[in-house]
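Working notes, beginning with the structure itself.
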Amino acid sequence: MTHQYPALSAEQKKELADIAQKIVAPGKGILAADESVGSMAKRLSGIGVDNIEENRRLYRQLLFKGDERMQECIGGVIFFHETMYQQGDCGTNFVKMIKDKGIVVGIKVDKGVVPLAGTNGETTTQGLDGLSERCAQYKKDGADFAKWRSVLKISETTPSALAILENANVLARYASICQQNGIVPIVEPEILPDGDHDLKRCQYVTEKVLAAVYKALSDHHVYLEGTLLKPNMVTAGHACPTKYTAEEIAMATVTALRRTVPPAVPGVTFLSGGQSEEEATINLNAINNCPLARPWALTFSYGRALQASALSAWRGKKENEDAATNEFLKRAEANGLAALGKYEQSGDGCGAAGQSLYVANHAY
Ligand code: 13P
């Protein structure tokens, strides 16, 4: 069975592979700043700030205006649609601000989760209609990668075979459409940390989900060298009574990845999934010190774990903007080191950085 109908030309493949490599260059990861308007409502209400467009713009601006420390450790920033078309106070649009730092611009393209009828609260993710046209427009407007989040849940009866298959297929279809438009797809099958399951169960489910995702990506002729994977780390459920060390989490995570993710994939960019800022950094560092061969870059694509301290330093006040930017850069630098396995734990575990960012049944 030879491949008679190649999906991509050699030039298209090279462009995609180069973009993916640039995002996960050594010591770099991704800032996920693609919270929808609804998710921003939750973030901003936590600091007593109104969820209006101007406040969202001011907040994103303080992240994006980071000094030269930012380009050392951030390879990509994921935008939400609204942010793609906003500008800084200086009149420069955010896309240009980020690109001028040599950082790749990404865009969230899914339209959120919807129920899968007849399941125990499981979901699929919508947004395929018109996706090709939207990708073509975003590419023109400066985006070179995209994100699509699927969600799976662990319980006695889930994830069901249906949820695994449906989400794998929708991720693969999205990935194929992105690549046709010169956009590197970040494939995100997030397994939520809700529940009291132990580490072994999370590892087992992660392996089954990732195996299904890579089967679907192969079926859809997706060019793996031009993709990134954004998985959960393998951790016990939030309510599990047993606590595991970072080394145990790292071993379970790398083992699951080695069993399922082809070495052709250039990078794995973990989501933080409600871990505290410090925990997410320590676990990433342990993953990069795990004594197993790791053929991919293993780095971060954090939302909450890069922004929590910045948000609480800001509190919507102009005079706090520089301090907030600094808090963001501190976390970004710590995670950049963790992506190299060179992070040394600070005292930050006891302050804001040590606070759990867990939200039950998290939406994005
Ligand atoms: P968290 O790091 O807050 O889990 O979010 C990352 C993300 O982009 C989830 O889609």
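Which residue out of Asp129, Asp89, Asp100 is under 28 Å from Ala172 (Cα atoms) and modelled with pLDDT of 95 or more?
Asp129
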message: Within the range 222-237, does at least one residue satisfy the condition of being crowded, with 18+ Cβ neighbours inside 10 Å, within 23 Å of Ser9 (Cβ to Cβ) and touching a Ser or Thr at 6+ places or on another chain (Cβ under 6 Å)?
response: yes
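Could you please find all residues in the range 245-257 being hydroxyl-bearing (Ser, Thr, Tyr) and surrounded by fewer than 21 Cβ atoms within 10 Å (Cβ to Cβ)?
Across the range 245-257, the qualifying residues are Thr245, Thr255.
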message: Can you report the number of residues in the range 105-144 which are more than 22 Å from the chain's Cα centre (by Cα) and on the phi > 0 side of the Ramachandran plot?
response: 3
task: Check Cys90 against each of (1) surrounded by fewer than 17 Cβ atoms within 10 Å (Cβ to Cβ); (2) of a type in the set (A, V, I, L, M, F, W, C); (3) farther than 22 Å from Arg57 by Cα and name the one condition it does not meet.
output: (3)
field: Residue list for the range 230-247, restricted to those being assigned to a loop (DSSP other than H, G, I, E, B) and either in contact (Cβ under 8 Å) with a residue 60 or more places away in the chain or away from the ligand (no atom under 16 Å from the Cβ) (or both)
entry: Lys230, Ala236, Gly237, His238, Ala239, Cys240, Pro241, Thr242, Lys243, Tyr244, Thr245
message: So His362 passes all but one of these: (1) of a type outside the set (Lys, Arg); (2) closer than 20 Å to Arg57 by Cβ; (3) within 13 Å of the ligand (Cβ to nearest atom). Which condition number does it fail?
response: (2)
message: Only one of Asp194, Asp198 is touching a residue at least 60 places away in the same chain (Cβ under 8 Å) and surrounded by fewer than 20 Cβ atoms within 10 Å (Cβ to Cβ). Can you tell me which?
response: Asp194
- prompt: Just wondering, is there one or more residues in the range 13-23 that are under 18 Å from the mean Cα position of the chain (by Cα), at pLDDT 95 or above and closer than 26 Å to Glu319 by Cβ?
  reply: no
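The values are calculated or read from the model by the stated rules, or taken from the named source; none is laboratory data. Worth saying up front: this structure is predicted, and the values here are computed from it rather than measured. Please note: Cβ atoms are built from the backbone with ideal geometry, for glycine as well, and neighbour counts cover all protein chains shown.
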